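What follows is a single structure, written as structure tokens, with notes after it.
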Amino acid sequence: MWRLGYADEVSTDRHQGVLWGRRGIARGQGVPLLKEIHPIRQRQALGWMRCQVDKTDTYENTGQDGRTYFSAWGERHLFLQRSADGRPIEDGELTMSPPVCLPCAVESVSEGGCPFLRRGYAAALVQRTELWGVNGLVYDGDLQPHLSDSKDGMWNVAYGDPAARWVVAAGEIVRLCGVTPVDLADLAAQNGLLQPTVEHRGAIQ
């Protein structure tokens, strides 16, 4: 069965059978941007539930009382999304954003933090994630990109979709399950952290 591939392809070029774009690695360099996380780091952070900012294990991060946030939050992980229109994160929502530890979440939405979140954000505690697919460029049989209407021309393609054979993936997508919207300022206050300086716009349940 025909599919895209590299002439010098190696096993690490594919994940779940899908071809991934190659990108250089320069650890410790650059400025953190929520929207532009490195593809391989993004996939690893989602798979291992590591903070997308500092790579710490979100199962093991601890608060002032010595308990892990994961345990204190009822075995849930913190997720952060841009929300300029006030829409909360919803159960079953698809995302490319890995989880984030509480200190990094607060820093990301404070002055000097992530530019992508300055117009507003939503936070939620999530019980689990499920693999859904990838975001990437889809090519036709003549190896010409079939661009979507999005600014980057990329498509969301589910694993198992026939189109997945013709994708060069740039990010993994998961489904968020067991979602509870939360107020990040409240979480910060409960753990003695400085308050976020960017307005939270997502609704709280």
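Where does each of 109, 10 land when they are ranked from fewest to most other beta-carbon atoms within 10 angstrom?
Ranked by crowding around the Cβ, least crowded first: 10, 109.
Compute the long axis of helix 39-48 from its Cα atoms, compare it with the longest principal axis of the Cα atoms of the chain, and write down the angle in degrees, 0 to 90, nearest 10.
60
So for the chain, what are the equivalent ellipsoid semi-axes in whole Å, largest first, each being the square root of 5 times an eigenvalue of the Cα gyration tensor? All intermediate terms of the calculation are to be shown ahead of the outcome.
Values: eigenvalues 211, 59, 52 Å².
Output for the chain: semi-axes of 32, 17, 16 Å.
What ranking of 159, 6 emerges when the number of other C-beta atoms within 10 Å of each C-beta is taken as an exposure proxy, fewest first?
6, 159
Have a look at the DSSP beta bridges in the chain and tell me what percent are antiparallel, nearest 5.
90
What distance in nm separates the two pseudo spin-label positions at residue 4 and residue 147, each 7 Å out from Cα along the beta-carbon direction?
If labels sit at residue 4 and residue 147, their model points lie 1.5 nm apart.
Helix-only mean residue ellipticity at 222 nm, the chain, DSSP H runs n ≥ 4 weighted -39,500 (n - 2.57), per residue, nearest 500. What is it?
-3500 deg cm²/dmol
Kindly put 70, 116 in sequence by how many other C-beta atoms sit within 10 Å of each C-beta, fewest to most.
Ordered by Cβ neighbours within 10 Å, fewest first: 116, 70.
So for the stretch 32-112, Kirkwood radius off the Cα pairs, Stokes-Einstein at 4 °C and 1.567 mPa s: how many µm² s⁻¹?
97
Read the figures in this text as sums done on the coordinates, not as results from a lab. Just so you know, these numbers come straight off a predicted model, no measurement behind them. Please note: Cβ atoms are built from the backbone with ideal geometry, for glycine as well, and neighbour counts cover all protein chains shown.
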